Structure formats: structure tokens, C-alpha cells
Amino acid sequence: MNKSENVNMPKRRISKQINIGGVKVGGGAPITVQSMANTDTRDVMSTIRQIKELEEYGCEIIRVAVPDMEAAQALKKIKKGIKIPLIADIHFDYRLALAALESGVDGFRLNPGNIGDRAQIKQVVLAAKERAVPIRIGLNAGSLPKNNKVKNVATRMVDSAMEQVLLLESLDFDLIKISLKAFDVPTTIAAYKAIAKKMPYPLHIGITETGTPRTGIIRSSVGIGTMLYIGIGDTIRVSLTADPKEEVIAGYEILKSLNLRQHGPVLVSCPSCGRTEVDIIKLAQQVETELQKIRKPIKVAVMGCVVNGPGEAKDADVGIACGKNRGVLFKNGEQIGVVEEKDFLQALMDEINKL
Ligand code: SF4
């Protein structure tokens, strides 16, 4: 098992708990990893196929875009074909929200203020309440209502979210989750810190439009990781311009980095240096690929020499410290053998599979 250090982290903010299709969010529940399908929601088969693949990677809540009535009605079949809670992403038309509810969605992402007049909003909120379907008030810095008096984006996001929350509360609805996402990391953190103090509701955290995995994962990790470290965040989405399974993988890596969740293996590998006498980069990549097929929360170390190698390898469930032509294999802290370079990968995998 991954060993977590006994280090005191700042206390987690305990929010009001909501239940999204059987998955608890907030109130101290494990921080969940979610993603958004990038298929055409009207293409039911492709959407189900993608969501099922995401389920395999550990996605716990999935959101889909609902641009029109055909998409809203397709949700019914999609819901039947998947196991995880389904969230409908809706803008501008309250009728889409009502149709999505009819289709059996487990949650919404919408901004009550942009889906209709008060009577229409009331209709949606009462229907959601009747089915105990939570609503995420999801604000993005790029689509904030204009307010020339307040220049600060974080403040505008918080003010706008508060307005939307008050609107729902005025309709006696409190199954609320909030997100306030911007591309700028300090802005996003400032907004979440402010709303966390003002509101008891769970927070869906993320940095938006972060780009391709190379930069997007770093930007998301810094933003989401900082918030999680200070105790803010109940569910996360890493937004990437990529296959959504990359978002799920990155989400778990962020949570694992802070010892907040265990999910699949952790690979420790050295950066390599002038002491390295084997192709450690290639070996680490091969091991990483093999580990993607494993769900056990184990720690595996691939190290390039006998200086720092044995310490890390001993600390892992299975590890190897590689020297010239040979490597020393460790399991559960004990040296268990010496293997030839050509057998490094196989020997490691054999021991991992025996765990
Ligand atoms: S473990 Fe050894 S080979 Fe790897 S970076 Fe450290 S000193 Fe260099």
C-alpha cells in the first residue's frame, strides 16, 4: 500500500454534504474525481462508450453538455448505459433542465440566473427538489455578468455566485454545489477562498481552460493542489484539451500527491544522472505503461543506481535499484534477488503481480 507520511495538513473545510446519484460530495466524504464527456450527447452509443471507459479509469461523476432537446432526451438512454452519476450541463433554456430531469439525471450544472425568468427558474428548482437532484452553480470568469463597478474578477465571481445561491435559497433549495473557475490560478484560489468563508456548500474545484496536458496538468495541479492543501475542495475536475481520461488520471495523481486518496499504483522513479548506467527513462516508461493495467494501490520504485536507489526501492512495495548490467530487486523492504538488465521489466512485473 502507498505509505502516507504522518504529516499534519491544514484542516479540511467541512461543507454541507450533498448526494449526487449515490455519490456523497462534501461533509468530509472522500474527494471525488469527475470529468466531462466530449462526445456529441445526441450520439448515445459514443457517449456511453466514452463514459464506460472513464468509469474504468475511476471517474466518479460525469457531466455531459445538453445543447438542445434531442440531447436532453438522449440522457435517458445514456443514464441506463452507465454506472456513475450523470450531470447535465445546461445553459439558457429552462425547458432543457426540465427535460433532463425527466431523463433521470443525477445533477445539474447551471446558473439559475441564465435559464429563464423567476417563474421558469422556480419550475426547475421545484422539480429538482422533488427528485433531490443537486444543482452546481458553475461560474466561469469568461462568462461573468458585466459589472463595471467591480473590476476584480475573483470578487465578481464570488458576488455572482452569492446572487445565484440566494436565488436558490429563496426557493427553499439547498442541494447546492459551487464552482468558480478561471484560467488565472491566483484569481481562482482567491475566489474559492472567499466563497469557502461565506457559504457552507460543497465546492467543485478546478482551473478552467488550462490547455493541453503538458501545461494544463501543471496549471491544474498548482491550482487544485494549493486549494486542497489548505482544505478547500470536495470534488475536482482537471480541465484539459485532451481525451477526458487524461483528466481522470491527472485528478487522481493530484489527490495521491497530497495523500488524500489512494487509487492504483504510485511510481517512484529517479530523474537519472551521470551515475545512471542503464536506460532508466525507458524502463520507467515501460513500467508506467504496465502499471496502467493495475488497480492495486501499490508503490513501485525504479531507480538508476545504488547510491539513492536502494533506499527508495526498499521503501516501495516492489522496487529495483539498477547498476551496470544488473539490478537489485526489493520487495516489502527486503532484497530478494539480482536480475540481468534484459529481465528488469519482467522481474518487476512478476513481483508486482504476486502482491
Ligand atoms: S538515484 Fe542514482 S542514478 Fe538516479 S538520479 Fe539519483 S543518483 Fe542519479
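Structure data summary
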item: For the chain, built as a Gaussian network whose Cα springs stay under 10 Å, the top-fluctuating residue of Ile294, Ile20, Ile189; result: Ile294
item: Length-normalised contact order of the chain in % [C-alpha pairs under 8 Å, at least 6 apart]; result: 14 percent
item: Rounded to whole Hz, the Karplus (6.51, -1.76, 1.60) HN-Hα couplings of segment 323-334, x for glycine and proline; result: x, 5, 6, 9, x, 9, 9, 10, 9, 6, x, 10
item: Angle in degrees between helix 213-229 and the longest Cα principal axis of the chain, rounded to the nearest 10; result: 80 degrees
item: Antiparallel content of DSSP bridges confined to segment 18-257, in %, to 5; result: 10 percent
item: Segment 266-354 - percent relative contact order, Cα under 8 Å, separation 6 or more; result: 24 percent
item: Cα-Cα over 28 Å, subset of Lys11/Lys146; Lys83/Lys331; Lys11/Lys151; Lys151/Lys193; Lys256/Lys331; Lys77/Lys193; result: Lys11/Lys146; Lys83/Lys331; Lys11/Lys151; Lys77/Lys193
item: Equivalent ellipsoid semi-axes, segment 266-354, via Cα gyration tensor eigenvalues times 5, rooted, Å; result: 18, 14, 12
item: Rg/Rh (Cα only; Kirkwood hydrodynamic radius) as it applies to segment 18-257; result: 0.94
item: Sequence-distant lysines (8 or more away, or on other chains) whose Cα lies within less than 18 Å of Lys79; result: Lys52
item: For segment 201-265 versus segment 1-78, the gap between their alpha-carbon centres in whole angstrom; result: 13 Å
item: Among beta bridges that DSSP assigns inside segment 1-126, antiparallel share in %, nearest 5; result: 25 percent
item: Segment 5-100: C-alpha gyration tensor shape, a/c 1.5 cut-off, then a/b vs b/c; result: prolate
item: Ser179, Ser46, Ser160 arranged by Cβ crowding within 10 Å, fewest neighbours leading; result: Ser46, Ser160, Ser179
item: For the chain, built as a Gaussian network whose Cα springs stay under 10 Å, the top-fluctuating residue of Ile90, Ile135, Ile82; result: Ile82
item: Proxy reagent accessibility, fewest Cβ within 10 Å first, across Ser220, Ser239; result: Ser239, Ser220
item: Among beta bridges that DSSP assigns inside segment 266-354, antiparallel share in %, nearest 5; result: 60 percent
item: Value of [θ]222 nm, deg cm²/dmol, for the chain, DSSP H segments ≥ 4, -39500 (n - 2.57) each, nearest 500; result: -12500 deg cm²/dmol
item: Selected from Leu168, Leu267, Leu255 as most flexible by GNM, with the chain as the system and alpha-carbon contacts under 10 Å; result: Leu267
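Each reported figure results from applying straightforward, stated rules to the coordinates on display, with no laboratory input. It should be emphasised that the depicted structure is a prediction, and the values quoted were computed from it without experimental measurement. Positions of Cβ are backbone-derived with ideal geometry, glycine not excepted, and every protein chain shown enters the neighbour counts.
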